[in-house]
Amino acid sequence: ELQENGTLEQLVSRYFGHDDYLEYVGTRTFLAHLDERLPNYTELFKQAARDTNFDWKLLAAVGYQESHWDPNAVSPTGVRGLMMLTNPTASEMGVADRTDAAQSIDGGARYLRSIKDRLPDSITGDDRLYMAMAAYNVGLGHLYDARKIAELRGGDPDRWQDVRAALPLLQEREWHSQTRHGYARGGEPVIYVRNIRRYYEMIKYVERSRQQFFQLEQAPTSEEPLLLFDIVPPIDQ
C-alpha cells in the first residue's frame, strides 16, 4: 500500500533525506515492514496498550526496534521473541512461550510498565518514558548508574538529556568504576531510545495519513479537500 501510493518514498525523503545511506535503507525496510508485518500484530499491540496504559504505536515501535516484528527472532545472548525477552524477564512476567507473539507483546508491555512505575517520582513526563525505554534495553541498575554519573558531572539525573550523555560513559573505567553495577555498553540504549522515538513518530504519521485518506474517500465531493501528509517532527539525539 505504501509502496503503491508513493507514501513510502515521501516519508523516507522527508524523515532522513538521502545523506545517510544506511539510515535511508533502514527506513525503507521499516516502512515495508509497516505494510507487510505490523498488520499481523496491531490488535495484540492495542490490547497490550489498553492493559498497560501505553500508546499502542509506542509499543509497536519498541517491538520493531527489538525484533523487526519477528516473533521467532533470537539474539546471540539468548533473548528471544517479538519483544526480545530474557528468560528471567519472561518468568517474571508469566510468559511461558517467548516465541508466541501474543505472550511476548503482553509480557514486554507489562515489563516496560513495571520499569516505568519503579522509577523515582522525581522523573516525570517524557523523561520518565525515555528512561524506562533505556532501562528496558540496558537494565534498571545500569540506568541508575548513569543517573549517578550525570549527577557527578553536574547534570540533572531526572532529565533524559543529561542521562543520555552519561550512559556511554559506562563503557569507560574512569566512570563505571564509581558505579554499583559496573561496565555496560551504554551507547546502545542511547541509539535504542532514539530509534524507537523515530519509529514511533513514523507510525503515528502513517496512521494519521491513512485516517485522512479514509476521511477524504468518505467525504462528499463538494467538501474542501483535507490536508494530507503533515510534516514528521524531527527527533533529537
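Listed values, structure above:
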item	result
Breaking point among (1) in contact (Cβ under 8 Å) with a residue 40 or more places away in the chain; (2) of a type outside the set (Asp, Glu); (3) closer than 20 Å to Tyr192 by Cβ, for Gly81	(1)
Only listed residue being among the small types (Gly, Ala, Ser) and either at pLDDT below 90 or touching an Asp or Glu at 6+ places or on another chain (Cβ under 8 Å) (or both), chosen from Gly108, Gly94, Gly63	Gly108
Enumeration of residues in region 116-158 that are among the β-branched types (Val, Ile, Thr), crowded, with 19+ Cβ neighbours inside 10 Å and more than 16 Å from Arg180 (Cβ to Cβ)	Ile123
Spans of helices (runs of 4 or more DSSP H) in region 1-55 with at least 2 residues touching a helix residue (DSSP H, G or I) at 6+ places or on another chain (Cβ under 6 Å), modelled with pLDDT of 80 or more and closer than 30 Å to Asp100 by Cβ	21-36, 42-52
Matching entry among Pro225, Pro233, Pro220 (being at pLDDT below 95 and either under 20 Å from the mean Cα position of the chain (by Cα) or within 27 Å of Tyr136 (Cβ to Cβ) (or both))	Pro233
Any hit, region 59-79, residues being among the acidic types (Asp, Glu), crowded, with 22+ Cβ neighbours inside 10 Å and under 27 Å from Arg173 (Cα atoms)	no
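The values are calculated or read from the model by the stated rules, or taken from the named source; none is laboratory data. Model, not experiment: these values are computed from the prediction. Note: ideal-geometry Cβ built from the backbone for every residue, glycine included; neighbour counts use all protein chains shown.
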